[in-house]
Amino acid sequence: MTAPEQNLTFANAVDRVGEHFLNVIYFDGGRYLIAAGVLTLFLLVFNTWATNRRIQRARKAGAADYRREILSSGRTILVFAVTTLATLVGREMGLINFKMNDPALFTILWQFALIVLVHDAYFYWIHRAMHSKALFRATHLHHHKSRTPTPWTAYSFSSAEAVFEAGFMPLFLLVTSQLGLAYAGYAILFFLWHMIIRNVMAHAGSELFPAGWVDNPLTSWISTTTHHDLHHSSGHNYGFYFTFWDKWMGTEHPRYKHEFRKNAKPLIMFGRKGDAAAAPAAETI
């Protein structure tokens, strides 16, 4: 009787979450479209500012790059949606525990901080593994076709890489649930939005962070757009949100801070960097 009952439980769980598939597609796709679209609009509206802070000046993404990135991102969204459904199946079966209630703000904050720190470590090591000779071509090569990143590069993964990227959430929740920690739904929601926002910022192509960021001990441990852009153009820098792991493992680009300072300072609002000396009216910070 045990095996049929288990099969029935699994079948019921699949039935209960299957109806949510389109909602999951809307959520994962909506996050990507909103984050990448808003940043693209920002870079277009503030084109002079973005051009002055452009990181790679020798090359620029073309129409084929945008088309490849958006199409492959659609595939990634499908993989993420399936993974989200797997998380919901795990919840229905009692393997994963998270609650959509109104927890204390402190609970949301510390759980959000924990998941960000753990995800940063997960991303660093998965990322380094995908750069190995054994895995690179099958997993990560597609993402690196975007040598000059755009906000739409954020989800431009192969199917294999999308599985690795999406696997974090169910694994994290499974482990924390088995340790007796019921995660707050709001902490998960804020993390998912934080993740996509930081992802599109890392691929913006123009430095979004203010001058002095890498020289201030309060902010230097938070990665910048230049940090990840250097990864696309010349390697190194495998971290996501923070620079911890690259510093500890000796994988930070040796000219990272120099390149950031060059891209972020001075902040010229009118004209171009090369015109600064000839344009006394230029506003610099």
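The values are calculated or read from the model by the stated rules, or taken from the named source; none is laboratory data. Predicted model, so just to flag it, every value in this text is computed and none were measured. In this analysis, Cβ positions are derived from the backbone assuming ideal geometry, glycine residues included, and neighbour counts consider all displayed protein chains. Side chains included, ligands, DNA and RNA excluded: accessible areas come from the protein's heavy atoms. Shrake-Rupley method; radii C 1.70, N 1.55, O 1.52, S 1.80 Å.
I'm trying to understand the selection: among the residues of region 103-144, which are part of a helix (DSSP H, G or I), touching a residue at least 60 places away in the same chain (Cβ under 8 Å) and in contact with a Ser or Thr (Cβ under 8 Å, 6 or more places away or on another chain)?
Matches in region 103-144: Arg128 only.
Here are Val118, Val38: which of them is at pLDDT 95 or above, closer than 30 Å to Lys265 by Cβ and of a type in the set (Val, Ile, Thr)?
When all the criteria are applied, what remains is Val38.
For region 182-207, give me each residue that is open to solvent by 10 Å² or more (accessible area, probe 1.4 Å), part of a helix (DSSP H, G or I) and not aromatic (Phe, Trp, Tyr).
In the first step, residues of region 182-207 are kept if they are open to solvent by 10 Å² or more (accessible area, probe 1.4 Å); the result is 182, 186, 188-190, 192-195, 197-199, 201-202.
Now narrow it down to the ones that are part of a helix (DSSP H, G or I): 186, 188-190, 192-195, 197-199, 201-202.
Once the filter is applied, which keeps residues that are open to solvent by 10 Å² or more (accessible area, probe 1.4 Å), part of a helix (DSSP H, G or I) and not aromatic (Phe, Trp, Tyr), region 182-207 yields Ile188, Leu189, Leu192, His194, Met195, Ile197, Arg198, Asn199, Met201, Ala202.
Of all residues in region 152-170, which are open to solvent by 50 Å² or more (accessible area, probe 1.4 Å) and either among the aromatic types (Phe, Trp, Tyr) or free of Cβ contacts under 8 Å to residues at least 24 places away in the same chain (or both)? Reasoning before the result, please.
To start, the set of residues in region 152-170 that are open to solvent by 50 Å² or more (accessible area, probe 1.4 Å) comprises 159, 163-164.
The answer is Phe164, and nothing else.
Hey, among the residues in region 25-57 that are within 16 Å of Glu207 (Cβ to Cβ) and free of Cβ contacts under 8 Å to residues at least 40 places away in the same chain, which one's most open to solvent (accessible area, probe 1.4 Å)?
Arg57
List the helices (runs of 4 or more DSSP H) that sit entirely inside region 217-285 and contain at least 1 residues that are modelled with pLDDT of 95 or more and open to solvent by 70 Å² or more (accessible area, probe 1.4 Å).
Here the list reads 244-249, 256-264.
Would you confirm whether or not region 83-94 contains a residue that is over 21 Å from the mean Cα position of the chain (by Cα), among the acidic types (Asp, Glu) and assigned to a loop (DSSP other than H, G, I, E, B)? It would help to see each step written out before you state the result.
So the first thing to find is which residues in region 83-94 are over 21 Å from the mean Cα position of the chain (by Cα), and the list is 88-94.
Keeping just the survivors that are among the acidic types (Asp, Glu) gives 92.
Subsequent filtering for residues that are assigned to a loop (DSSP other than H, G, I, E, B) retains none.
No, the conditions are met nowhere in region 83-94.
Checking the structure you have, find out if any residue of region 61-77 is in contact with a Ser or Thr (Cβ under 7 Å, 6 or more places away or on another chain), modelled with pLDDT under 95, within 29 Å of Asn263 (Cα to Cα) and in a loop (DSSP other than H, G, I, E, B).
Yes, the conditions are met somewhere in region 61-77.
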